[in-house]
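Take this structure, written in structure tokens, and hold onto it; I'll ask about it next.
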Amino acid sequence: MKAAVVKETAPGERRVALVPDAIARLRPAGIDVLVESGAGEGAWLADAVYADAGAAIVSSAELYRTADVILTVTKPSAAMVGQLKKGQAIVGMLAPLSDPELAAALAARGVIAISLDGLPRTLSRTQPMDALSSQSNVAGYKAALVAAAAFGRFFPMLITAAGTARPAKVLVLGTGVAGLQAIGTARRLGAVVSGYDVRPTSKTEVESLGATFVELTSVGDAAGEGGYARELTAGERQAQQDELAGHIARHDVVITTAQVPGRRPPLLVTEDAIKAMMPGSVIVDMGASALGGNVTGSRPGETIVTGNWITIIGADNLPATVPTAASNAYSRNIAALLLHLTSDGALAIDTGDAIQAGVVITYGGRVVHEGVAGLLGGRAAPGPPVEPPPGPSAEPQEDLFTGSQAELPPTGGGAGVDDTSN
């Protein structure tokens, strides 16, 4: 089987789907790696390094003509979709819950779409494949650095001959993977850090990093099944916003992390809360998206300074700004998933497998993922279960879906959210 690494074309995207170190892991499984010329340049990986590791460096045209599996970081562009052939597979962070029409287009072309952001994260064996967590780690780290760079004072306390500078007070809203990394990084920079999450069980994690856990009296325990946060009611959200406003006003820097796959992120920082902040304060909105953000007025990829001199940064694809670390982590994730999907040197699609039920979006010319098919309103509803390939029976798997659940299980801080930034 030939797995091909494409050169990312999305604006500002510098990551690469596979790094040279992963090639040796794939070869014993019968997977030969093709790399589009220049694919690793954004992460400082030259073609020669891939060639030395055993990959074949090819042109874009040859890649699409000969590859069995296309490996990508982000979802494919329209031009890329147009080059895919029936029976080819594409593996990446395809965001099908945000863009179900892409899934429909891939199904219409007979392409097998496999999306890492559909991974059932409640299964312990998926941890090496968990790209959402690995990229959230990078994003949380960079968010703290972005905040420190935009803040007009020091993060740590400094005692100098010119006087003493008090440490910055940082508040992180949402303490999932990205939030905890932001807390840890801000603490290492010397700030006094607090964290908030709707799940009281997060208190121990926050305090273990040397931060203070903010407890709201207006919102009770919002923990859901499997350690995830449940979605707050409208009344709870309003009470949360009102009480958070007082805490926000007492901090110099606020980092928000709340995201919901395919839906508008919950609003955590209101206009009134922004007006109450001190001039020079900074807000980094990791939930900023085309659907909205956690902060009133934030826009993805833009920095806004309000009339009362509050800097609002709509964090956009932070992992791409740390391309080498992000690519190394993502490469391990995609290689682990690819090995799970491969048998005897070929893809072995079995949607009865709990992992594949989450990540396989299209197969056999149909959208087979329940959540994505539901968003398409039955226009590309899943067909009957796909028969597993011949061979030994698969080991019993945990069930991915319970009841009528049609979306990824939410994680992280906020109103039933996934605190990943991409």
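The values are calculated or read from the model by the stated rules, or taken from the named source; none is laboratory data. Everything quoted here is computed from the prediction, not taken from an experiment. All Cβ positions, even for glycine, are placed from backbone atoms using ideal geometry, and neighbour counts span all protein chains on display. Note: areas computed on protein heavy atoms with side chains; ligands, DNA, RNA excluded. Shrake-Rupley method; radii C 1.70, N 1.55, O 1.52, S 1.80 Å.
Could you give me the percent of Cα pairs per 5 Å distance bin for the range 63-142, shortest bin first, beginning at zero and ending with the bin that holds the maximum distance?
3, 14, 24, 22, 15, 12, 7, 2
Separate question: Rounding to the nearest 10 and keeping the result within 0 to 90°, find how far the Cα-based axis of helix 177-188 lies from the longest principal axis of the chain.
With rounding to tens, the tilt is 50 degrees.
Hey, what angle do you get for helix 234-249 against the long axis of the chain, alpha-carbon based, 0 to 90 degrees rounded to 10?
For 234-249 against the chain, the angle is about 60 degrees.
Now a separate question. For the chain, with all protein chains present and a 1.4 Å probe, just round the carbon and sulfur fraction of the accessible area to a whole percent. Display every interim value, and only then the final one.
Values: 9480 of 17400 Å².
Reported share for carbon and sulfur atoms: 54 percent.
Evaluate the distance, in nm, between pseudo-label points positioned 7 Å from the Cα of Thr201 and of Phe213 along their respective Cα→Cβ axes.
1.2 nm
Moving on to the next point. Is there a quick way to get the dipole size of the chain? I mean about its Cα centre, with the Cβ of Lys and Arg at +1 and of Asp and Glu at -1; what is the value in debye to the nearest 20?
Numbers: 31 positive and 41 negative charges, 163 e Å.
Dipole of the chain, to the nearest 20 debye: 780 debye.
Computed on alpha carbon atoms, what radius of gyration and Dmax characterise the range 195-347, expressed in Å?
Rg then Dmax for the range 195-347, in Å: 18.4, 63.
Estimate the FRET efficiency between Lys2 and Ala78 by the formula 1/(1 + (r/R0)^6), using the beta-carbon distance for r and 35 Å for R0, to the nearest 0.05. Don't skip to the end; give the middle numbers.
Working: r = 24 Å, r/R0 = 0.68.
Calculated transfer efficiency: 0.90.
Note the direction-averaged projected area, equal to a quarter of the hull surface, for the Cα convex hull of the range 1-143, in nm². Could the numbers behind the result be given before it?
Numbers: hull surface 36.5 nm².
For the Cα atoms of the range 1-143, the hull's average projected area reads 9.1 nm².
Also: Arrange the peptides 259-269, 288-298, 346-356 so that the one whose residues have, on average, the most other Cβ atoms within 10 Å appears first.
Details: 259-269: 23.0, 288-298: 21.5, 346-356: 19.1.
For the peptides 259-269, 288-298, 346-356, the packing ranking is 259-269, 288-298, 346-356.
Within the chain, count lysine pairs with alpha carbon atoms under 28 angstrom apart where the residues are 8 or more positions apart or belong to different chains.
15
Still on this structure, I have one more. Might you tell me the accessible area per residue for the chain, computed with a 1.4 Å probe and given in Å²? Display every interim value, and only then the final one.
Values: 17400 Å² over 422 residues.
Per-residue accessible area for the chain comes out at 41 Å².
Tell me, what HN-Hα J-couplings in whole Hz come from the Karplus equation 6.51 cos²θ - 1.76 cosθ + 1.60 at θ = phi - 60° for each residue of the range 200-209, using x for Gly and Pro?
With the stated coefficients, the range 200-209 comes to x, 5, 6, 4, 4, 5, 5, 5, 5, 8 Hz.
Using the basic label-point model (7 angstrom from Cα toward the beta carbon), what is the Arg153 to Ala346 distance in nanometres?
Once both label points are built, they end up 6.6 nm from each other.
Could I ask something else about it? Under the rule of at least 5 residues apart or a separate chain, name every residue whose amide H is placed under 5 Å from the amide H of Thr212.
Val193, Ser194, Gly195
Express the C-alpha Rg of the chain as a ratio against the empirical globular expectation 2.2 N^0.38 Å, rounded to two decimals. Mind dumping the intermediate values first?
Numbers: Rg = 22.2 Å, N = 422, 2.2 N^0.38 = 21.9 Å.
Against the empirical 2.2 N^0.38 Å value, I get 1.02 for the chain.
Could you state the angle between the C-alpha long axis of helix 323-341 and the longest principal axis of the C-alpha atoms of the chain, as a value from 0 to 90 degrees rounded to the nearest 10?
40 degrees
What percent does the relative contact order of the range 246-325 come to when contacts are Cα pairs within less than 8 Å and at least six residues apart? Could you put the intermediate results ahead of the total?
Numbers: 160 pairs, mean separation 22.3, N = 80.
Worked out over the range 246-325, it gives 28 percent.
Averaging sequence separations of C-alpha pairs under 8 Å and six or more residues apart, then dividing by the length of the chain, give the relative contact order as a whole percent. Display every interim value, and only then the final one.
Details: 984 pairs, mean separation 86.2, N = 422.
The normalised contact order for the chain reaches 20 percent.
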